[in-house]
1. Among the residues of segment 92-103, is any in a strand (DSSP E or B), surrounded by 14 or more Cβ atoms within 10 Å (Cβ to Cβ), in the same structural domain as VAL127 (by TED's automatic domain parsing) and in contact (Cβ under 8 Å) with a residue 40 or more places away in the chain?
2. Name the residues in segment 4-18 that are of a type outside the set (Phe, Trp, Tyr) and crowded, with 16+ Cβ neighbours inside 10 Å, would you?
3. Grab the strands (runs of 3 or more DSSP E) fully contained in segment 132-205, keeping just those with 2 or more residues being of a type outside the set (Gly, Ala, Ser) and buried (at least 16 other Cβ atoms within 10 Å of the Cβ).
4. Within the bounds of segment 55-75, is there any residue that is among the acidic types (Asp, Glu) and not assigned by TED's automatic domain parsing to the domain that holds GLY252?
5. Across segment 50-91, what is the number of residues that are free of Cβ contacts under 8 Å to residues at least 60 places away in the same chain, part of a loop (DSSP other than H, G, I, E, B) and of a type in the set (A, V, I, L, M, F, W, C)?
6. With the requirement that a residue be charged (D, E, K, R) and in a loop (DSSP other than H, G, I, E, B), what does segment 1-23 give you?
7. Would you please name the residue that is surrounded by the fewest Cβ atoms within 10 Å (Cβ to Cβ), looking only at residues in segment 35-49 that are among the aliphatic types (A, V, I, L, M) and touching a residue at least 12 places away in the same chain (Cβ under 8 Å)?
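The values are calculated or read from the model by the stated rules, or taken from the named source; none is laboratory data. The model shown is predicted, which means the values in this text are computed figures rather than measured ones. Note: ideal-geometry Cβ built from the backbone for every residue, glycine included; neighbour counts use all protein chains shown.
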Amino acid sequence: MARHLIIGDGTAYGVTGGLVDDGAVSIQKMSASGPTELVLGDTIATAPQIRIIGGGSTGKDIVTPWVYGRDVVNYSGKAYVAAAAQTTTLLPVTTAAATVGGKEIDIKFVYLNGPRQEFFNFSTTIVASSVIADSGQAIIDAFNALTNVPDWLNPTATLSTATVTFTGAKRGDTAQSGNTWDYAPVAFKTIIAINPVTTQTYTIVDNLIDPIPGYGDGFAVKEMEDNLFGITYGHYLRGHLPKTPTAQAVTGTSYDMYSIVATKDGSSSSQINGVDNLIELNIALVAGDADSLVVENKLNGYFTGVFTPVIL
């Protein structure tokens, strides 16, 4: 699939010096006199070919291929949904035994996202005759004092009465190492690996909040843009000296996402043997922005009677 991404920043459509204004998104139709802006009222019948343009920041527009409206097999969209990190709670239950010197428990975390499991554990001492609130405090103090927490765990646990809450990393979080977590929200499992305090048990609730990647998160849009640049995008640009393209995604921005998928040969199934037959045009627009609504209305009008309107 040939995949393309156009990102807007909420700038109203305009043209300066023959280029779409930086940050604006244009939908162009092919007319008898050449490319011109799609307007409300244009449909597949009146504007057979369209393309999407993003105003670039380097003196060049970012342009998708032309697609025929009749060849579009999907027009859809999804509103911004915030990403959520997994949370797990640990609650000591009953009072610890009156043992001299206390007992040490070992808590283990299992990272579940990757192709192989990773483990991290820490230990803390539960003092003799510790009530559950004191046990919870001992656990959180021990965890928050660690200096080797892996990037996939939030290095700060929280305490409410006796309940300790651990949190996984989500895209954009800063790890204890100083690295930024650039991947999907972490799924992890918590285990009491060793518990010699036989009269105090621990109730663990994993996924009190599920890890949710969300949709249209600025970090996710940036990752998509980076992937479309290509692994060696900073070193290979045909016809030019090596030059890294200018990124358009802003990590702190919430985006509504739109998708237009068309076939390359006008068929509903590939007639080009051995070649991917689809073109996917993705548009990221600032969620809730008035100028984003202008683009949405143009697209809905263009596909009227063919696809269900996308209202985000």
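1. Yes - at least one qualifying residue is present in segment 92-103.
2. Keep residues of segment 4-18 that are of a type outside the set (Phe, Trp, Tyr), which gives 4-12, 14-18.
Across segment 4-18, the qualifying residues are HIS4, LEU5, ILE6, ILE7, GLY8, ASP9, GLY10, THR11.
3. 163-167, 188-194
4. no
5. Qualifying residue count for the region: 1.
6. Within segment 1-23, the first condition is being charged (D, E, K, R), and the residues that meet it are 3, 9, 21-22.
Passing the criteria: ASP9, ASP21, ASP22.
7. LEU40
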